[in-house]
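Colleague: Before I ask anything, let me first share the structure, which is written out below as structure tokens.
Throughout, read-outs are computed from the coordinates displayed, never taken from laboratory work. Just so you know, these numbers come straight off a predicted model, no measurement behind them. Using ideal geometry, Cβ is built from the backbone for each residue, glycine included, and neighbour counts are taken over all protein chains shown.
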Amino acid sequence: MSTKYIFVTGGVTSSLGKGIICASLGRLLVAQGLKVTIQKLDPYINVDPGTMNPYEHGEVYVTDDGAETDLDLGHYERFLDIKTSQSNNVTTGRIYYDVISKERQGAYLGKTVQVIPHITDEIQSHVLKLGQSGNYDVVIIEIGGTVGDIESLPYIEAVRQLRYNVGRQNTLSIHLTLVPYLAAAGELKTKPTQHSVKTLSESGLQPDILVCRTEQPLDETIRRKVAQFCNVDLEDVIESIDARSIYEVPLLMQEEGLDKRVIEKLKLETKEPNLDNWIGFVEAVCNPSGEINIALVGKYVEHHDSYKSIVEAFIHAGAVNDCKVNIRWIQSDILNRKNVAEELKDISGVLVAPGFGGRGIDGKLAAVEHARVNNIPFFGICLGMQCAVIEYARNVCGWEDSNSTEFNEDTEYPIIDIMHDQKDIENMGGTMRLGKYACKLDKSSKAYEAYGTENIEERHRHRYEVNNNLRYKLTENGMILAGMNPERDLVEIVEVPGHPWFVGVQFHPELKSTVNNPHQLFVDFVKASLKHAKSLKLYKPLKKTKAVADKS
Ligand code: GLN
């Protein structure tokens, strides 16, 4: 069976959840025995999102091979249980970068280099690369942006050509669109969808399937209208109604027959779907026995997408622990030693988040201290771990001025310092310690208890690290270096003994939490927080709602 390509475009407006639709379709195909991957094409000129600030872009998702990518790749990994790589995310910036590099090398043999054919050819070669690897039955390609945007045009044209080149029977075009409900008219409106499909068709791409985002069910009349005016069969009009959780979307898409239509059209050989584990998970997410509050202390908390993978990892870990984790978003700038007890009064666990730059550091240190001194479960991730180390150096080891050289280059005790190999780097893009590195765990640690194995691998994105020349002071005062990178002797995990759960990690465990494999550290942190909540009567039991199977 040759590799099939499914292109997913979006119309009418952004934020319709294209990534979730792609991931949901991917999950349904995987559940039927197919090998699937998903690629995101982003129409912006940045080479990757690594240099963008979190308000612009949300979280930067890091893959095993150290690519800094779009957060949708996180959804792909979480839904499909696959590993993505640099090849799964391509931006206009990267396409132009590659074309211009080739032009400088003389690869175009004196030709005028143009959007068509050179840019469109380069886009096609990036798409085909995944298919030609021979590893996949299906490659789903999510085209970022909204149909009608100027910057999307080369992508649409590349898809048009690619459909022609690899044969229409090997490709499919799905268009995700909006059918808004106008309260004043009391009606669902199909006109925006008609216009969007018209625009797409003018670029030479007729959708085979329309997925219609809606707040109200689409009745037969509306479906017929959409089908007729947009030139698709009635059964190719798929309703995508607001779900209780993004994890319910694959089940809703299955009910609507999205996977069935795709399988029929592409003549895919499949086996009976197995979604038992998924259904059990959705059940656990939608019907928890109780809830707890965990504080997420960070600098970008007004913009929840900045911490996307952490939010999702809490959903996974909550399901394992049969409890809903309510994230209490705490802006680190407003926290200080005086108000921290009040601000964190009904929380059962504290997570200090990753980040860059000095703003809000004092608030983060206050949160660490509060959790450490009051035996509240604490989880520090990357910058959060560095804050835990600084707090310990200052308040336990007595190095009052201790700091990271990221925030104070002249500190007497630079307990966190720039990594040796980062010192002379001037370029900002793609130059941090990125991607997968090994870590060996101390067998007496909480981390070892959680992972249940000695050797682990986790993903990184940072320039600073625990200072190996000064770390003796931490261990002399009881802090445990619970995980070390064996090749370079770098501190990867710290713990405070005698505390119910105090773990700081230099890496990003949230990036590897999936529905089928919730991350062990998150599972254990939530477990410890739940115990804390129950002992202090902060745990709230919840009434069971209807089960997934009989939600009608
Ligand atoms: N700013 C810190 C560093 O570069 C932490 C980075 C992070 O939290 N991802 O080391």
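Colleague: For segment 53-158, calculate the relative contact order in percent as a whole number, restricting contacts to Cα pairs under 8 Å that are 6 or more residues apart.
Modeller: Result for segment 53-158 is 18 percent.
Colleague: Can you order the peptides 70-77, 90-97, 37-44 by their average number of other Cβ atoms within 10 Å per residue, highest first?
Modeller: The peptides rank, most packed first, as 70-77, 37-44, 90-97.
Colleague: Can you work out the PRE-style zone for ILE334? Point 7 Å along Cα to Cβ, and I want the residues of segment 352-382 with backbone N under 14 Å.
Modeller: 363
Colleague: Can you give me the distance in nm between label points at ALA185 and GLN114, each placed 7 Å from the Cα along the Cα-to-Cβ direction?
Modeller: The modelled label-to-label distance comes out at 4.2 nm.
Colleague: Could you list, in their original order, any pairs among LYS4/LYS260; LYS129/LYS423; LYS35/LYS436; LYS4/LYS102 whose Cα atoms are separated by more than 25 Å?
Modeller: LYS129/LYS423; LYS4/LYS102, as the Cα separations exceed 25 Å there.
Colleague: With the convex hull built on the Cα atoms of the chain, state its orientation-averaged projected area in nm².
Modeller: The number I arrive at for the chain is 27.5 nm².
Colleague: What value, in deg cm²/dmol to 500, does the helix sum -39500 (n - 2.57) over DSSP H runs of n ≥ 4 give at 222 nm once divided by the residues of the chain?
Modeller: -10000 deg cm²/dmol
Colleague: Between rounded, prolate and oblate, where does segment 282-378 land on the alpha carbon gyration tensor, with a ≥ b ≥ c its root eigenvalues, rounded for a/c under 1.5, else prolate if a/b exceeds b/c?
Modeller: It is oblate, given that a/c is not under 1.5 and a/b is not larger than b/c.
Colleague: For the chain, what is the relative contact order in percent, using Cα pairs closer than 8 Å and at least 6 residues apart in sequence?
Modeller: 15
Colleague: Let me ask something else about it. Could you pull out every one of the aspartates and glutamates with an alpha carbon less than 12 Å from that of LYS111, ignoring same-chain neighbours closer than 8 positions?
Modeller: Once the sequence-local aspartates and glutamates are set aside, what remains near LYS111 is GLU103.
Colleague: I would also like to ask the following. Rounded if a/c is under 1.5, else prolate if a/b is larger than b/c, else oblate: which is segment 159-263, with a ≥ b ≥ c the root eigenvalues of its Cα gyration tensor?
Modeller: Values: a/c = 2.15, a/b = 1.36, b/c = 1.58.
Oblate.
Colleague: Under 5 Å between amide H atoms, partner at least 5 residues away or on a different chain: which partners does VAL12 have, H built in plane at 1.01 Å?
Modeller: Under 5 Å from the amide H of VAL12: VAL147.
Colleague: With a ≥ b ≥ c taken as the square roots of the eigenvalues of the C-alpha gyration tensor of segment 87-159, please select rounded if a/c is under 1.5 and otherwise prolate if a/b is larger than b/c or oblate if it is not? Let's see the in-between values first.
Modeller: Numbers: a/c = 2.22, a/b = 1.28, b/c = 1.73.
Since a/c reaches 1.5 but b/c is at least a/b, the shape of segment 87-159 is classed as oblate.
Colleague: For segment 500-514 and segment 130-165, write down the distance between their C-alpha centroids in whole Å.
Modeller: Between the Cα centres of segment 500-514 and segment 130-165 lies a distance of 35 Å.
Colleague: Report, by chain and number, residues whose modeled amide H sits under 5 Å from the one on GLY483, excluding near sequence neighbours (fewer than 5 apart, same chain).
Modeller: ASP442, GLU492, ILE493
Colleague: Provide the gained length on full extension for the span LYS129 to ARG104, in nm with one decimal, where the gain is 0.36 nm per separating residue minus the Cα-Cα distance. Don't jump to the answer; show the numbers that get you there.
Modeller: Numbers: separation 25, 0.36 × 25 = 9.00 nm, distance 2.28 nm.
Residue separation times 0.36 nm, minus the Cα-Cα distance, leaves 6.7 nm.
Colleague: Something else now. Short version: ³J(HN,Hα) in whole Hz for each residue of segment 32-43, in order, from phi by Karplus 6.51 cos²θ - 1.76 cosθ + 1.60 (θ = phi - 60°), x for Gly and Pro, what are they?
Modeller: Along segment 32-43, the couplings run 9, x, 8, 9, 10, 9, 10, 10, 10, 9, 10, x Hz.
Colleague: Measuring from centroid to centroid over Cα atoms, what is the spacing of segment 1-52 and segment 225-272 in Å?
Modeller: With segment 1-52 and segment 225-272 each reduced to a Cα centre, they are spaced 15 Å.
Colleague: Using amide H atoms built in the peptide plane, which far-off residues or other-chain residues are under 5 Å from THR171 H to H?
Modeller: Amide H neighbours of THR171, under 5 Å, 5+ apart: TYR5.
Colleague: OK, next. Could you work out the relative contact order of segment 348-389? I mean the mean sequence separation of Cα pairs under 8 Å and 6+ apart, divided by the number of residues, in percent.
Modeller: Once normalised by length, the contact order is 55 percent.
Colleague: May I pose another question? Which entries in LYS443/LYS544; LYS83/LYS308; LYS446/LYS544 show an alpha-carbon gap greater than 28 Å?
Modeller: LYS443/LYS544; LYS446/LYS544
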